[in-house]
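A short write-up of the structure that comes next.
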Amino acid sequence: MSSYGWIDTAKALIAAGMLVGIVSLPAQDLPEELKTADGKPLVFDATEPTRGLPTTGVSLNGIAPADAKVVIRLGDQTLAVTHATADRRWMAHLPPQPPGEHTLSVQSGDFKTSLELMVYDPNRPTILNPAPLGKFGKEVTLNGLAEPGTSLRLLLNGRDVARTEVNEMGAWSFSTKTIVGTNVLTARGLGGHASVSGFRDKRTAIRPVLIKVQPMGGTLLVRGIASPFARVTVRNKGRLAGTVQANANGQWTLSYRGQMLGAQFEVMPR
């Protein structure tokens, strides 16, 4: 996209009272009305979002009145305080944030703007919508965040129903038909999975499903789905490995420290 395209985009966002990132706009391409913008502290560049909880966060750059203090907050939490230089530029580095969508406020004096920051976890998908334990219609759309450029599988009550790609911003979305009763929808990537449960018309029990066995040091993490809050029994070659309770999204995890060589797990309702 040409610099003029970026300018048109930024103007439209400012007209709406918000400059939403990630936006890359070279400072030399800023028109005069965009540089002043009634003294508002504009964010005109942001690096790639943080990936889960790494050691580095995200850097923001912008403009504000010369020598003005710029405060960046997430809700009531102050993430960074910086000052604009004589040529009205400011820069701040934010600490890592948990996976999800975060609305940051950038304030200088009485003027404030906001920035939507997407943070994704490279090890497992994040589901942003729908909310857990909600009421589903005949079709539901899931959207969330994951490692850019990867593929995700969508499972309904443990059964593969779709596949989607994660775009360069780390966002993904797909829709699927639901069934009458309990629906546990799982987005599964190479590194892990996330689930969300909801109900269409009425609640029904679903049989527990084993999704993944993951080595973790001297432990095997046995992960799967079941009806929300259901108790699950896990066996290894017929012998009891343990019991665990699913969470509100139908996800359960059992830490197993028993016989690992040749382990063959099976799950069933308790």
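Once you put a point 7 Å from the Cα of R270 and another 7 Å from the Cα of D201, both along the Cβ direction, what distance in nm separates them?
Going by the 7 Å Cα→Cβ label model, 3.0 nm.
Want the number for V81 to S105: 0.36 nm per residue separation, take away the alpha-carbon distance, what's left?
7.5 nm
Please give the contour-minus-distance gain from K135 to T150: 0.36 nm per residue of separation, less the Cα-Cα distance, rounded to one decimal in nm.
2.5 nm
What are the ³J(HN,Hα) values, in whole Hz, obtained from phi via the Karplus relation 6.51 cos²θ - 1.76 cosθ + 1.60 with θ = phi - 60°, for each residue of the range 86-101 in sequence order, with x given for Gly and Pro?
4, 8, 6, 8, 9, 8, 9, 10, 9, x, x, 10, x, x, x, 9
In nm, to one decimal, how far is the modelled label at E165 from the one at R257, with both set 7 Å along Cα→Cβ?
4.5 nm
Pull up all non-local amide H partners of T178: gap of 5 or more, or a different chain, and H-to-H distance under 5 Å with H placed in the peptide plane.
Those qualifying (amide H under 5 Å, at least 5 residues apart or on another chain) are E139, V140.
I need the peptides 244-255, 200-211 ranked by packing, meaning the mean over residues of other C-beta atoms within 10 angstrom, with the highest value on top.
244-255, 200-211
Over the range 177-254, what per residue volume does the convex hull of the Cα atoms give, in whole Å³?
98 Å³
Would you kindly state how much longer the chain becomes between V180 and T219 on full extension, computed as 0.36 nm times their sequence separation minus their alpha carbon distance, in nm to one decimal?
Value of the extension gain: 10.3 nm.
Taking the Cα-to-Cβ direction at R89 and at T243 and moving 7 Å from each Cα, how far apart do the two end points lie in nm?
Simple spin-label model gives 6.4 nm for this pair.
Throughout, read-outs are computed from the coordinates displayed, never taken from laboratory work. Just so you know, these numbers come straight off a predicted model, no measurement behind them. All Cβ positions, glycine included, derive from the backbone under ideal geometry; neighbour counts span all protein chains shown.
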